[in-house]
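J.: Okay, handing you the structure first.
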Amino acid sequence: MQIRRLKIRAYRGLGEFEWNPRSGLNCLIGPGDAGKSTVLSAISLLLSPNPSPAASEFDYHKRELDAGFEIEAVLACIDDDALSSLRVPVLNGWNNAGLTGLPEEEGSEQVLVGRVLGSPELEVMHQLVPPSDEPRPFPASLRQRLPYARIAAGEWASREFRLGRGSLLEKHIGGSELRGQLRQLIAEASTSLDLPEDIEERVAKLQQLFRQGGLPEHLLLGVITPAGTTLSGLVGLLTGEQPEAAIPLAFSGAGTRNLALFRLATALAASVPLVVFDEPEVGLEPYRQRALIAKLRELVADGGQAFLTTHSPAILEALDPDEVWRVVPGGSPTPLGDSPAADLLREAPGAFLSKLPVLCEGPTEAGFLRPILDHLAQETGSSGIDAFGVHLVSRKGQPSVLNETQSLTAMNMRAGLFVDAEDKHGGTRDQLSESANCCFGSWKEAGVRNVEEAVALHLPTSVLLRVLALAADLDGRGEDRLRQQVNERASRPGKQTLDDLVDQVGEEEARRALAQAMNECGWFKDEERGRALGSLLVEVGLPDPIASVCRAFWAELQRGLGM
């Protein structure tokens, strides 16, 4: 079974929501208040095999009960066995991402339109919507026959491990024969209950009171099924070497519960192709998270569908960008596979799980900015940028980093961007610098193009000697080779010191040659080396032009964080 279209109105935190998910895996990511879990809860409420429950006032958007709520889904690929239980035809047609009326129309697919309504009186009504005429009941008996499974820890897991109607355990074991045996056992327990003498006397007194009041007097103590629970629902899976010491499987760790539920659903793969899985990473190591996604993809590969949410980089690494959707408050999901951000998702999934991802032109910038931004954040009393959810990401230069940032901001996602001040792509940089969703930073205000020029042109000569020594230490081959690279770019071949070069060509030319050598020879062209350079500047003190750029960028990031 698959959902072709999902509409939600006024349900919990969602005012208006519409989504045409894809076949296979559909993973929702986004900020904590975007409604990801609410979408999964809406699907679960619509397809729940249980009788329609009473709603809570918190199920209504802004707790406005008079407006009610509505969840509607176009359901496709439904088994003939389930359809055969329908006494009245309610099939619609689906073609070109829209309902077309009767399914006999050429090229249209047979679908059911299911709906669940929440009334102002907190009543929940399940309906089927035919092409014409009035909606009809969407009974629990039909929903129990639909190939659907929800995998979630907590109370829901406890239900699935019990032999209740529609549970995963019931689908594996069945319950008709066991229910008859349970009724017999309950009757036998009630008649054979050996009561202490004082308890029998108290029951006899109750009988006398009832007799005097003209009430039924044949009283006895027996076993009564808890309200809202069937006899078979009292039976559940336990685990333990000895029955008397066994514990309910639902009391196991979160990871064990999730995997156990997933195994139950997997074993029913032929009849359970629509799966809802909220945060599959809970309790699992990264390698088991990746293995679970591979198994889930296999489970729904042939006409199935799965809906999940995640906050795990390991899960995102295991997913294809086409399987990931970005959700923001008040908006419909945006597919990442169709955007320039697809490469970013593949290479740096953590960027999509942070409060504010910061895309840096390259590894030098990402490493260089880290200790400086940490230092500026610590001035506010914080431990560093991690405490604010800021995540620095090394990218692959312009224009790709500009396109990726534009893609994120188009999804209404805030992102930081720090790039070189180049001659090309100026229009795109200007657009991003003016975007409310982009926290923009560049070396333009310092009158330089990149990190290397900023360091070479603005640090005191004494500190530049420490920069050269640091580069030599990181390179592991001594300073002579680096001096030679600088001198060659000043047209003064040799290994003379930076002071000697200044005497020969002047300070401005010597600094220009140093910047060129640092950049072209890759002195700090990885994150570790860039971080070492940034740490050195924090130690000796940021010169005003560099401090001005970095503080302005930190102010932009604070704006993006809502500080």
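J.: Considering only residues that are under 23 Å from E285 (Cα atoms) and modelled with pLDDT under 75, look in region 235-258 and name the one that is farthest from the chain's Cα centre (by Cα).
T.: If we take residues in region 235-258 being under 23 Å from E285 (Cα atoms) and modelled with pLDDT under 75, then L249 is farthest from the chain's Cα centre (by Cα).
J.: Please give the number of the condition E361 fails out of (1) of a type in the set (D, E); (2) in contact with a Gly (Cβ under 9 Å, 6 or more places away or on another chain); (3) surrounded by fewer than 23 Cβ atoms within 10 Å (Cβ to Cβ).
T.: (3)
J.: Ok, one more. Got a sec? Which strands (runs of 3 or more DSSP E) wholly within region 1-102 have at least 1 residues that are under 20 Å from the mean Cα position of the chain (by Cα)? Steps first, please.
T.: On the way: elements: 2-11, 14-19, 24-29, 69-76, 92-95, 98-101.
Counting at least 1 such residues, we get 2-11, 14-19, 24-29.
J.: Another question, then. Quick one: how many residues across region 334-350 are more than 13 Å from T405 (Cα to Cα) and touching a residue at least 24 places away in the same chain (Cβ under 8 Å)?
T.: 6
J.: Let me ask you something else. For residues that are without any contact (Cβ under 8 Å) to a residue 24 or more places away in the chain and among the aliphatic types (A, V, I, L, M), tally how many sit in region 386-409. Walk me through it before giving the result.
T.: First pass over region 386-409, keeping only residues without any contact (Cβ under 8 Å) to a residue 24 or more places away in the chain: 386-387.
Pick out the ones that are also among the aliphatic types (A, V, I, L, M) and you get 387.
Here the count works out to 1.
J.: Considering only region 121-130, I want to know if a residue exists there that is at pLDDT below 85, in the same structural domain as W19 (by TED's automatic domain parsing) and either surrounded by 19 or more Cβ atoms within 10 Å (Cβ to Cβ) or not small (G, A, S) (or both). Give the steps one after another, and end with the answer.
T.: Here is the first cut: in region 121-130, the residues at pLDDT below 85 are none.
So far as region 121-130 goes, no, none of its residues is at pLDDT below 85, in the same structural domain as W19 (by TED's automatic domain parsing) and either surrounded by 19 or more Cβ atoms within 10 Å (Cβ to Cβ) or not small (G, A, S) (or both).
J.: With respect to the numbered conditions (1) in contact with a helix residue (DSSP H, G or I) (Cβ under 8 Å, 6 or more places away or on another chain); (2) at positive phi, which one is the sole condition not fulfilled by R22?
T.: (2)
J.: Restricting the search to region 417-430, which residues are surrounded by 16 or more Cβ atoms within 10 Å (Cβ to Cβ) and over 12 Å from E361 (Cβ atoms)?
T.: The answer is T428, and nothing else.
J.: Being part of a loop (DSSP other than H, G, I, E, B) and of a type in the set (D, E, K, R) is the filter; apply it to region 103-123 and report the residue that is farthest from L46 (Cα to Cα). Steps first, answer last, please.
T.: If we filter region 103-123 for residues that are part of a loop (DSSP other than H, G, I, E, B), which is where we start, we get 103-108, 119-123.
This time we only want the ones that are of a type in the set (D, E, K, R), so: 104-106, 121, 123.
Numbers: E104: 26, E105: 27, E106: 29, E121: 18, E123: 14 Å.
Selected residue: E106.
J.: Moving to a separate point now. Any residue at all in region 386-406 that's in contact with a Ser or Thr (Cβ under 9 Å, 6 or more places away or on another chain), surrounded by 18 or more Cβ atoms within 10 Å (Cβ to Cβ) and more than 15 Å from L344 (Cβ to Cβ)?
T.: Yes, region 386-406 has at least one match.
J.: Which residues, counting only those in region 511-561, are aliphatic (A, V, I, L, M) and farther than 13 Å from V467 by Cα? Full working, then the answer.
T.: The initial filter retains those residues of region 511-561 that are aliphatic (A, V, I, L, M), namely 513-515, 517-518, 532-533, 536-538, 540, 542, 546-547, 549, 552, 555, 557, 561.
Hits for region 511-561 are A513, L542, I546, A547, V549, A552, A555, L557, L561.
J.: Check L220, L261, L178, L193 and return the single one that is at pLDDT below 75, of a type in the set (A, V, I, L, M), surrounded by 15 or more Cβ atoms within 10 Å (Cβ to Cβ) and touching a Leu at 6+ places or on another chain (Cβ under 9 Å). Outline the logic, then answer.
T.: On the way: L220 fails: surrounded by 15 or more Cβ atoms within 10 Å (Cβ to Cβ); L261 fails: at pLDDT below 75; L193 fails: surrounded by 15 or more Cβ atoms within 10 Å (Cβ to Cβ).
One residue alone meets the criteria, L178.
J.: Could we say that L359 is modelled with pLDDT of 95 or more and in a strand (DSSP E or B) here? Can you show your working first?
T.: Numbers: modelled with pLDDT of 95 or more: yes; in a strand (DSSP E or B): yes.
Criteria met by L359.
J.: I'd like the full set of residues that are without any contact (Cβ under 8 Å) to a residue 24 or more places away in the chain, surrounded by 15 or more Cβ atoms within 10 Å (Cβ to Cβ) and either of a type outside the set (G, A, S) or in contact with a helix residue (DSSP H, G or I) (Cβ under 7 Å, 6 or more places away or on another chain) (or both), limited to region 432-483. Show your work before the answer.
T.: Applying the first criterion (without any contact (Cβ under 8 Å) to a residue 24 or more places away in the chain) to region 432-483 yields 433-434, 436, 444, 462, 469, 472-473, 476-481, 483.
Among the residues that remain, those that are also surrounded by 15 or more Cβ atoms within 10 Å (Cβ to Cβ) are: 433, 444, 472, 479, 483.
Matches in region 432-483: K444, A472, E479, R483.
J.: Give the residues of region 525-553 that are at pLDDT 95 or above, out of contact with any Phe, Trp or Tyr (no Cβ under 9 Å at 6 or more places or on another chain) and either of a type in the set (K, R) or not assigned by TED's automatic domain parsing to the domain that holds L464 (or both), sorted by residue number.
T.: Listed by number, the list holds a single entry, R551.
J.: Can we say V393 is in contact with a Pro (Cβ under 9 Å, 6 or more places away or on another chain) and under 23 Å from G30 (Cβ atoms)? Walk me through how you get there before you give the answer.
T.: On the way: in contact with a Pro (Cβ under 9 Å, 6 or more places away or on another chain): yes; under 23 Å from G30 (Cβ atoms): yes.
Yes: the conditions hold for V393.
The values are calculated or read from the model by the stated rules, or taken from the named source; none is laboratory data. Quantities reported herein were computed from a predicted structural model and do not represent experimental measurements. Note that each Cβ is placed from the backbone with ideal geometry, even for glycine, and that neighbours are counted across all protein chains shown.
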